[in-house]
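A quick write-up on the structure given underneath.
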Amino acid sequence: MRREARGAGLVIAVTLATASPALAEVVITHDGVDCVVAGRFPVIRAGLEPRAEVAQARVYFQARGTPHWYYVEMRSDGAAAFEATLPRPLGSLQRFDYYIEALGRGLAPGRTRDYAARVTTEDRGCPAGLRVATVGSVPSSLVVGAAEGAPALPPGFSHAGLVSSVTGSAASAAGAGATGTGGVSTGMLVGLGAAAATAGIAVAAGSSGGDTQGEATPGGPSPVATPTPTPTPTPTPPPDLTGRWAGQFVEVPSATQCSVTSDLALDLRQSMTNLSGTFQLAIRSATPAPQDPCPVGPGDVFTGPASGVLNGNNISLQLQIAGVPPFILQGTVSGNRMGGTSPPDSEGPGATWELVRQ
């Protein structure tokens, strides 16, 4: 019996597959951005075809090493391309990743590969030969969307100029008509629902005028739904990290890199969501690898400026030692403890760290 049912299911699946030809997808033409300047609004541009059928286009981005993606809507630039303005990267951010995704009427979603953009400072500038994002003027409003469960504002980017933020299905409802080609109809939302869900985009389907909230009882009054008042949430104040923090900083060992364990102390000052101060890194142990003799040893002490940003309970810190790339610490704050794991990149190994308020 099970064999017959399995055979019937296979026939149904084959029939559906042959009856539903694959949809053509939106074609996205984009030269990846290699470098952006901290403190400026980068503009990402792309060509989308067929242009007249584009219903929605977004640039998804995240600070390197953070778990959540954020997005901004792309709009027609009035010529041959679509563009989106991203928030200003902070000087403490080394890199961010991004990709472009577009939905079209009667078309499958189109998506680019992931791109990585390095962040440099105004005085250093982007190295010659790299593709640099066009810098836009200060936008009058910049709406950033986030998936449910993510902090409302993206870590690693300045929150100045972000006048609103939308999450989950509200983001899709607000962004459905944000491109220069008009909004998405209810029928279009139903047709794109499965593809959009696969791509991580929430789709809000509207109801037609014929939908009702309930059936009327013959001879009696129609039922009336009593709205439930929505309580106003009490905003949670951000933690105050001003003071001294101390703990451990461990560079993640690998087969080709020296493994170092250090005592780390931070003296921080907090202004709104911005952090500044100084640090001291004292080497406790250093284990050489076959290809890395360890340039530091027990007893070495390094000091320098520390800076960063606090986004809810998420924290990103940059420790600057003269002559070497900065150490980027990313993690979370919980009460009198903070810590996390920073992944490795081309500048050096990753690290785990944990600090306690003193």
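The values are calculated or read from the model by the stated rules, or taken from the named source; none is laboratory data. Predicted model, so just to flag it, every value in this text is computed and none were measured. Note that each Cβ is placed from the backbone with ideal geometry, even for glycine, and that neighbours are counted across all protein chains shown.
A few points about this structure:
- Cβ-Cβ under 6 Å pairs, at least 6 apart or on other chains, region 297-308 side under 7 Å from THR278 (Cα atoms), far side outside any strand (DSSP E or B) and of a type in the set (A, V, I, L, M): GLY304/ILE321
- Counting the residues of region 295-314 that are closer than 19 Å to ARG244 by Cα and surrounded by fewer than 23 Cβ atoms within 10 Å (Cβ to Cβ) gives 9.
- Residues of region 331-346 classified as surrounded by 14 or more Cβ atoms within 10 Å (Cβ to Cβ) and at pLDDT below 85, total: 4
- One residue stands out in region 45-99 among those that are among the aromatic types (Phe, Trp, Tyr) and either more than 14 Å from the chain's Cα centre (by Cα) or closer than 16 Å to VAL143 by Cα (or both): the one that is surrounded by the fewest Cβ atoms within 10 Å (Cβ to Cβ), namely TRP69.
- When region 23-44 is filtered for residues that are among the aliphatic types (A, V, I, L, M), buried (at least 16 other Cβ atoms within 10 Å of the Cβ) and not in a loop (DSSP other than H, G, I, E, B), the ones remaining, listed by number, are ILE28, VAL36, VAL37, VAL43, ILE44.
- Residue match in region 249-260 (condition: modelled with pLDDT of 90 or more, within 21 Å of THR332 (Cβ to Cβ) and aromatic (Phe, Trp, Tyr)): no
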